[in-house]
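Structure first, then comments.
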Amino acid sequence: MSEPVLWLGFIMAAGALGAMAARAARLPAISGALVGGLAVSLLATAVSAQRPDLRYADYLLVAFLCFMAGADIDLTHLARNRRSILAGVMAQTVLVTALVMLAALALRFDLRAALAIGVCLSAGSPAVVFAVSTELRAHGDLSQRLLCLSSLSLLPALAVLLFMRDMALPSGAALLLVEAAVAAAIGLVILIPVSRMSLRGAIVAAALAGSVIVALTQRWEVSPRPADLAILTILAGFLVATLSANRDVVRSALRDVAPACAVMVFALVGWYLTADELAAGVAGGLLLLAARIVGLLLAGLMAAGRRDALAEALGQIPMGGLTGSGLVMLMLFNGGAPERYQIPHVAIWLSGLVGAVTTRWALGRAGEAGAAEEDPDAWRAAMR
Amino acid sequence: MIAMTCVLAGALLLSRPWLEARKPFASLALLLGMTMGPDGLGLMPADVRVVLNPLMALGTGWMAMLAAESWSLSTLRRQQAAGRAAVMLLLAAIVGIVLAALLSLAPPPLNVSGFGQAALLLGCAALALDPDVSRQALARAIRPGPAEREAPAIASLALGIALLASALMGGGPGRALMALGLGAGVGLLLIIVTRLAQGSAMTLTWLVAITFLGAGSAIRLGLPVCAVTFTAGVVLANDAGRRDLLFTFLREWERPALTALLVMAGAWVAIPAGPGFAMIVLLPPAAFLLARVAAWRLAPGCRLSWRRSLPLSPLALALPLAVGPLTAEAAPGITTIAVSFLLAETITLLAGRADSKGTAA
C-alpha cells in the first residue's frame, strides 16, 4: 500500500488523535503528534514493506511552519537584546558542540562525524518553540529569546554542513547568498497581498515561499539542503512581518493556522522514525540528548545568568529537525559512519518529545502563557 | 515541486481578485493553468498531469464536501427534491446522448473515449450549475421573484446530482454502494472526532486529516473521490451540532482550494495543434452550452433563465475524475468542459457589463 494521500490521512489522523490525548494530559499537542506519527510508522512496517515518499509534503509544511516562526520574531526585541542573544548563540554553539561531540566520540563515531553531529545538534528548533508558544498563546521576553536563539543557532550548523559536504566555502557561501536573495525577494513579493489585507493570499504566499525554496533545495540530490530551507523560510517570514504595516494582523492570521500545521508537521516527523531505527538508536540518542542538555545549562549560566539559565536551557532542548535531516543525509550519502545515522535521528525525535514539554514548562514558569494580546479573530475582522 | 510552485504561484497571482467576487477569477485560474501547462508554455513538466493527480483529488474532495452544504433533509423536503431530481436526470440524459452523438462525428482530438462515457460526462456537466452565481444574483436583486429565490436551491441540488450521477453511473451499482458507504463512514467519523476535539485548531486539523483519509481511501479502492467526499458532506450537512462550524472552515479555504484545482485542471487541457483547431475546439462547447441552456429553460418545475443556467460550476472540471482515474484519455473531455466553462464565464461577464452600461445610461 503506497498510496501517499491515504498515508498522509492516516498520519494526520494519528497526529490529531495524539495531540488530543496530549492536551487531555496537559502536555503540548506536538508531543502527542510525534507519538501518533511514530505509531503509524510502527503499524506501517507491520502492514507493508513499501513506504511512500512523503518528503515533499513534509518539507512544504515545515517550510510553512518556519515561515510563521520567522514572522513571529520581533525586530524590536532582537535589536534591544542583540548582544545577549549573540552571546547566547555563541555559548550554546561552542559548549553544546563540544559536549555532544565528546558524547559522539564516546559512541565511537570518527572525529569528522562527531564534529558534524556536535554542530548540528547544537542548533535549536524554532518550529517546536513556535508551536508550543502558539499553543500557549505565550508572549514575552523568554518566548522571543527562545525563538531568536533557536533561529540563529541554525546558522553555524548550516555553515558546517556546507563545509563538510566538500563544497568549497566561497561557492557554498555564494550559493547561500543567492538563496537568501531569493528568500528576501519572496518575502517582499508576499508583502503585496499582505499590504492589501488579502491575508488568505498571504497564507497561500507563505506556502509558495516554502515551495520555491524547496524547489531550489531539490536541485542538489545529496546535500544538507533541508537546513537552508529552515533558515531561508524563517528569513522570508521575518521580512514579511517586520516590513508589513499590518504586522499584528499578519501574525494573528498566521498564528490562527499554526497549531493545525504544527500537529501535521510533527506527526510526519514521527512517521519518519521506524522501529528498527528506534531500537538501534535509543541508547545513543539519549546520551547525545543528555550531553546537549548539560551544554545548554552551561551556556545558559554563561549568557543568561544563574536566574534564567534553567528556563533558557529547558526551553531550548528541542533540536533543529531540518539541520538534523541535513546531517542524516550527509551521513547516509557522503560518508561519516552511515551505518550509525539512527543515533542522531533518534536524538532529534527524543528532543522534540521531551523538549516540547520542557519548553512549555519554561514558558509557563516565566508567566508568559496566555499573555499574547492579539485577538485571534482580528484578521477575519480586518478582512471584513 | 516545480509544478506545485506553479500552482501556488497561480493562487498567489489571483489572490487579489478573490476579494472582488465579480472578477472572473475562475477563468483566470484556468487560463493560467493552460498557459503554464505542458501544452502551453511548458513551465509545468510533462508529467504534471500524473504527479498532481493526488492534489487534484484533494481539491476536488474539499470542493465536493462544500457542495453538499444545501443537502440537509429539511432543505431537500422544501425543494421537493425527488421530483426535481427525476426531471434533472432526464434532462441530463437527453443532453448527454445528443451531444455524445454529435461528438462521435467529431475528429479524433475531441473524441471522448466511447459513446457511453461521453454521454455520461456531458450529461452530468449539463447538470453542474454554479450555485454561487444564483446566490450572488439573489443578493443583488432588489425585488427577487420566486424563480430567483428558487434558483440557488435548484443549482445546489443539480450540482450534487451531477457529482453523484457521474460517479455512480460510471462504475456500476457495486461501486456506487461502496462509494456511498465509504462517504457516509467518513462523514460520521468526522462528526464524531470533531465533537471530541476542543478548539478550532483541532477541528481544522481533523477536517484536513479526514479529507485526506476519505480521498486517499477512495483512490486506493478505485472509487470516485467526489462522490465519497460529497456523501461525507451530506452527512455533515445533516448534523445540526457541528454543521455551521465545519462548513465555515470549508468555505474559508474554498477559494485557495478552488484556485489550485482550476490551475491543475488548466494543465490538463489539451489544445490540438493545426489549422482550424479553433473551430474544432469551439464548436462542441458552443453546442454543449446551447443544449444546456435550452434544456434548463424548458425543464418543467425548474425553468431557469439563461443567465442562471449558463455558468458552469468549476466542479464540472473534476467530473472526468469521477468517471474514472485521470489518464491521457480524459484530456478531450476536460478540454471540452474547460472551453465551455470559459465561454460561459465570458458571455456572463459581457452581459453583466452591458447591463451596467445600460443602467448607467
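Here, each number is a calculation from the coordinates, and none is a lab measurement. Only a predicted model underlies this, so the values are computations on that prediction, with no experimental measurement involved. When we count neighbours, we look across all protein chains shown, and the Cβ atoms used for this are built from the backbone with ideal geometry, even at glycine.
Below is a table of values for the structure above.
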item: Formal net charge of residues neighbouring B:W296 (Cβ-Cβ distance under 9 Å; K, R +1; D, E -1); result: +4
item: Residues with amide H under 5 Å from that of A:G124, placed H, sequence gap 5 or more; result: A:S153, A:L154, A:G320
item: Residue-wise HN-Hα coupling along segment B:36-42, computed from phi with Karplus coefficients 6.51, -1.76, 1.60 (Hz; x: Gly, Pro); result: 7, x, x, 8, x, 6, x
item: Per-residue HN-Hα couplings for segment B:255-264 [Karplus 6.51, -1.76, 1.60; θ = phi - 60°; Hz; x = Gly/Pro]; result: 5, x, 5, 5, 4, 4, 4, 5, 4, 5
item: Fewest-first sequence of B:S166, A:S151, A:S41, B:S200 by Cβ atoms within 10 Å of each Cβ; result: B:S200, A:S41, B:S166, A:S151
item: Exposure proxy order (Cβ contacts within 10 Å, fewest to most) of B:V98, A:V263; result: B:V98, A:V263
item: Sites A:A98 and A:L286, calculated FRET efficiency, Cβ-Cβ separation with R0 25 Å, nearest 0.05; result: 0.85
item: B:A351-A:L105 pseudo-label distance in nm [points 7 Å out on the Cα-to-Cβ vector]; result: 8.1
item: Neighbour-count ranking [beta-carbon atoms within 10 angstrom, fewest first] of B:W71, A:W349, B:W253; result: B:W253, B:W71, A:W349
item: Under the Debye formula (equal points on every Cα, no solvent term), log10 I(q)/I(0) of segment A:58-145 at q = 0.20, 0.26 Å⁻¹; result: -0.99, -1.15
item: Other-chain or far-sequence residues with amide H under 5 Å of B:L129's (modelled H); result: B:L159, B:S313
item: Cβ-Cβ FRET estimate between A:R51 and B:R297, R0 fixed at 51 Å, reported to 0.05; result: 0.40
